Amino acid sequence: MTTDPSDLVRPRTDGDLAACVEVLAAVHRHSGYPVNWPDRPADWLTTRSQLAAWVAELDGPVVGHLSLSRAAEGDAAPAVWAARAGIGVDVTAVVGRLFVSPTARGHGLGAALVARAVGEARTLGLHPVLDVVDSDTAATALYERLGWELLDVVEQRWAPDRTVSVRCYAAPGQP
């Protein structure tokens with residue numbers, strides 16, 4: 001009997017943060033995400049504008065994570081989508097902090113986490129959007145496979161001497 005990946009996703013609790021940081025560290029070593037390792041990774045996983053967060057478990061331990069937040073300074077996709085739609089960024093929800101352990105990939109967990117976040121955003125009457133570093137080809141492939149629309153590629157200054165290309169996506173459909 002095959003397990004539906006959505007059955008492996010549940011709301012994140014404070015007790016999950018240490019495991020999430022361990023998985024994030026493994027992802028960072030393997031794939032370079034996040035590009036800039038945060039000084040306080042647990043705080044990075046819990047933004048002030050966060051609406052919800054989920055984890056994925058596979059055979060017991062936490063192996064993935066995703067959060068849904070209100071638009072914050074530095075998020076390019078909400079502004080790009082809102083400008084196209086002719087409305088404010090306040091009707092967007094940002095999908096972010098998505099990662100799945102390198103040892104747990106290929107089970108549909110990334111797609112299941114994204115589906116949970118999109119469903120929650122829609123329940124709240126918000127349109128899901130996201131930013132992803134252009135060089136993150138695995139994430140880009142996932143979002144495009146799920147039907148997300150590439151809105152634009154923008155340049156963001158992440159440091160005085162560092163500019164990064166960021167792909168801005170919007171979930172398919174309307175809120």
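The values are calculated or read from the model by the stated rules, or taken from the named source; none is laboratory data. In this text, all values refer to a predicted model and were calculated from it rather than measured experimentally. Glycine gets a Cβ as well: all are built from the backbone with ideal geometry, and neighbour counts include every protein chain shown. Calculation scope for accessible area: heavy atoms of the full protein, side chains included, ligands and nucleic acids excluded. Shrake-Rupley method; radii C 1.70, N 1.55, O 1.52, S 1.80 Å.
Whole-Hz Karplus values for segment 40-54 come out as 10, x, 5, 5, 4, 6, 10, 6, 4, 8, 5, 9, 6, 8, 9 Hz, taken residue by residue from phi with 6.51 cos²θ - 1.76 cosθ + 1.60 and θ = phi - 60°; glycine and proline positions read x. Each Lys or Arg adds one and each Asp or Glu takes one away; over the other residues whose Cβ falls under 10 Å from the Cβ of ALA104, this sums to -1.
At 222 nm, what helix-only mean residue ellipticity would the chain give, in deg cm²/dmol to the nearest 500, using -39500 (n - 2.57) for each DSSP H run of four or more? The helix-only estimate for the chain comes to -9500 deg cm²/dmol at 222 nm.
The candidates THR140, THR46, THR123, THR3, arranged from most to least accessible area with a 1.4 Å probe in the full protein assembly, appear as THR123, THR3, THR46, THR140. Over all Cα atoms in segment 64-125, the spread is summed up by Rg and Dmax: 13.3, 42 Å. Principal axis analysis of the Cα atoms in segment 1-80 yields extents of 44, 25, 23 Å, listed in decreasing size. Protection proxy ranking for 155-166, 124-135, 101-112, using the average of other Cβ atoms within 10 Å per residue and placing the highest first: 124-135, 101-112, 155-166.
All C-alpha pair distances within segment 87-175, sorted into 10 Å bins from zero, spread as 16, 46, 30, 7, 0 percent across the bins.
Accessible surface ranking for LEU58, LEU151, 1.4 angstrom probe, highest first: LEU58, LEU151.
Heavy atoms of the protein chains alone define the surface here; on that basis the chain has 51 Å² accessible area per residue at 1.4 Å probe size. Farthest toward the positive end of the dipole of segment 1-150, out of ASN36, LEU142, GLY15, is the Cα of LEU142, where the dipole comes from beta carbon charges about the Cα centre. Here the accessible area is traced with a 1.4 Å probe on the protein chains. For the chain, carbon and sulfur cover 51 percent of it. D by Stokes-Einstein for the chain, Kirkwood Rh over Cα pairs, 25 °C, 0.890 mPa s: 150 µm²/s.
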